[in-house]
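For reference, the structure discussed in these notes is given below.
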Amino acid sequence: MFNLDLLSMGLLGLLIGFIPLRRIEGFAVYLAPVLVANLAYLVVITYWYPIYALNIVGVCLTLLLFYAIGVKAGERGMVQAKVILLGKYSLLAYIVQIALLQALVRGLRRLDLPTGRLLIAFMATTVLTWLIVQAVDRLRRKSAAFNRAYQAVFA
């Protein structure tokens, strides 16, 4: 059942791709409410295990947050380059993020930490996902063999 959930989320992402960009930008210009909505989502999943519908809301909120940050930051600069790099490796980042979250949540469960463990897992996953994306990008530029392998899997 879990795999069907992931498949349907992927299909939802595909369908969202058909929404005109100007409509998405209409939401993304309001960074503060998008940020508050994301923080509220984090609080909710910290105390209540995310069901399917809540996971979909979380994915949409996270993507909207990334887009809103990109819109606010403008067209050039360090933040834009990071957002563009994440977009370039979005499939890899998504797969890495799911694997890291699974591993971290299971590992943190054994440590018997307070209820904020999901927030810790989220922060650690964000940092580790970013580091892996940077490493893959660097390896692709330095190694033709690694680049060919990456393209065979993700292109």
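Bear in mind that the values in this text are calculations on the coordinates, not laboratory data. Quick caveat: nothing in here was measured; it's all calculated off a predicted structure. Glycine also receives a Cβ, built like all others from the backbone with ideal geometry; neighbour counts cover every protein chain displayed.
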Which one of 34, 79, 17 is farthest out on the positive end of the charge dipole of the chain, using unit charges on Cβ (Lys, Arg +1; Asp, Glu -1) and the Cα centre as origin?
79
How long is the stretch 12-69 along each principal axis, judged by its Cα atoms, biggest number first, in Å?
35, 25, 12
Rel. contact order, % - alpha carbon contacts under 8 angstrom, at least six apart, the chain:
21
What 222 nm value per residue comes from the helices of the chain, counting each DSSP H run with n ≥ 4 as -39,500 (n - 2.57) and dividing by all residues, nearest 500 deg cm²/dmol?
-28000 deg cm²/dmol
If the only charges are +1 at each Lys and Arg Cβ and -1 at each Asp and Glu Cβ, what is the size of the charge dipole of the stretch 76-155 around the Cα centre, to the nearest 20 debye?
240
Mean Cβ-within-10 Å packing, highest first, puts peptides 84-93, 4-13, 18-27 in the order 84-93, 4-13, 18-27
Please get the size of the charge dipole for the chain, origin at its Cα centre, with Cβ charges of +1 on Lys and Arg and -1 on Asp and Glu, quoted in debye to the nearest 20.
500
As an exercise, use a Förster radius of 22 Å and the Cβ-Cβ distance of residue 91 and residue 24 to find the FRET efficiency, rounded to the nearest 0.05.
0.65
Evaluate the distance, in nm, between pseudo-label points positioned 7 Å from the Cα of residue 148 and of residue 12 along their respective Cα→Cβ axes.
4.0
